[in-house]
Amino acid sequence: MTATGLYRHALRIAAILTALAFGGAAEAATIYVSTFGNDENDGSSWDAAKLTVQGGLNAAVAEDQVWVAAGEYVERVTLIDGVGLYGGFAGTETDLAQRDWLTNATFLDGDGAGSVVRAFSSVTASSRIDGFFILNGSTTGSGGGISCVGASPTISNNIIFGNSANSGGGISCSGGSPTIENNYIAYNSAAAYG
């Protein structure tokens, strides 16, 4: 084989190795949710937004973010490991830094049907819930607003109010190591403690 032939062969091998090394790596996605959406949509843009927060979470995989536009979402949600769940969007943003979660109030309303937000042991520190008004959770167990069982999510920039439980009216964490920061937790009640 000539020097030119070896050079071309080496370039082909390098191209194949590069494709193998980087071709399979998926880029993190943003899944969009809006009160004007439809869970049949793929959630790939504000125009193709999902309707429910859980629909957005179910479409996400680790390292994805779910962006939820302002409005009221009457549902209970279960966090997904590695997924960042963010409320507080007007529905036009293209960058997370553009959101204003206090102005664009995004309500997760549990409608008295159990804990509003649940996180189980598969949920690690790479998961996040950020920028929601979490209300009307009610359970005879623990965690009317947020219930973490062996989970370690980041719970940040939320207003958690008007929830009730046997223990932990606002938040209950049993096991795990959640990070709880910059939240307003008030007007919750617990029958036993917390």
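The values are calculated or read from the model by the stated rules, or taken from the named source; none is laboratory data. These numbers come from a predicted model, not from an experiment. Heads up, the Cβs are rebuilt from the backbone with ideal geometry, glycines too, and the neighbour counts pull from every protein chain shown. Heads up: the accessible areas ignore ligands, DNA and RNA and are worked out on the full protein's heavy atoms, side chains in. Shrake-Rupley method; radii C 1.70, N 1.55, O 1.52, S 1.80 Å.
Residue selection: Ala62 satisfies the criterion of being under 20 Å from Ser126 (Cβ atoms), at pLDDT 60 or above, surrounded by 13 or more Cβ atoms within 10 Å (Cβ to Cβ) and aliphatic (A, V, I, L, M). Select from the range 97-111 the residues that are closer than 23 Å to Ala151 by Cβ and surrounded by fewer than 23 Cβ atoms within 10 Å (Cβ to Cβ) and list them in ascending order. Of everything in the range 97-111, those that are closer than 23 Å to Ala151 by Cβ and surrounded by fewer than 23 Cβ atoms within 10 Å (Cβ to Cβ) turn out to be Trp101, Phe107, Asp109, Asp111.
Can we say Thr154 is under 23 Å from Glu72 (Cα atoms), among the hydroxyl-bearing types (Ser, Thr, Tyr) and open to solvent by less than 30 Å² (accessible area, probe 1.4 Å)? In short, yes. I'm checking my understanding of the structure. Among residues of the range 100-149 that are under 15 Å from the mean Cα position of the chain (by Cα) and of a type in the set (Ser, Thr, Tyr), which one is modelled with the highest pLDDT? Once the filter is applied, the top-ranked residue is Thr106.
For the range 116-147, a residue qualifies if it is open to solvent by less than 10 Å² (accessible area, probe 1.4 Å), assigned to a loop (DSSP other than H, G, I, E, B) and in contact with a Gly (Cβ under 7 Å, 6 or more places away or on another chain), and the qualifying residues are Val116, Ser127, Gly131, Phe132, Gly137, Gly143, Gly144, Gly145. Among the conditions (1) farther than 27 Å from Gly37 by Cα; (2) in contact with a strand residue (DSSP E or B) (Cβ under 8 Å, 6 or more places away or on another chain), the only one that Ser177 does not satisfy is (2).
Within the range 65-86, the set of residues being out of contact with any Asp or Glu (no Cβ under 9 Å at 6 or more places or on another chain), of a type in the set (A, V, I, L, M) and either open to solvent by 30 Å² or more (accessible area, probe 1.4 Å) or in a loop (DSSP other than H, G, I, E, B) (or both) comprises Ala70, Leu79. Only a single item in (1) in contact with a strand residue (DSSP E or B) (Cβ under 8 Å, 6 or more places away or on another chain); (2) of a type in the set (D, E, K, R); (3) surrounded by fewer than 23 Cβ atoms within 10 Å (Cβ to Cβ) is not met by Lys50, and it is number (3). Between Gly37, Gly43, the distinction of being surrounded by 19 or more Cβ atoms within 10 Å (Cβ to Cβ), touching a Gly at 6+ places or on another chain (Cβ under 8 Å) and at positive phi belongs to Gly43 only. If you take the residues in the range 160-181 that are crowded, with 21+ Cβ neighbours inside 10 Å and β-branched (Val, Ile, Thr), which one is farthest from Gly114 (Cα to Cα)? Looking at residues that are crowded, with 21+ Cβ neighbours inside 10 Å and β-branched (Val, Ile, Thr), I get Ile160.
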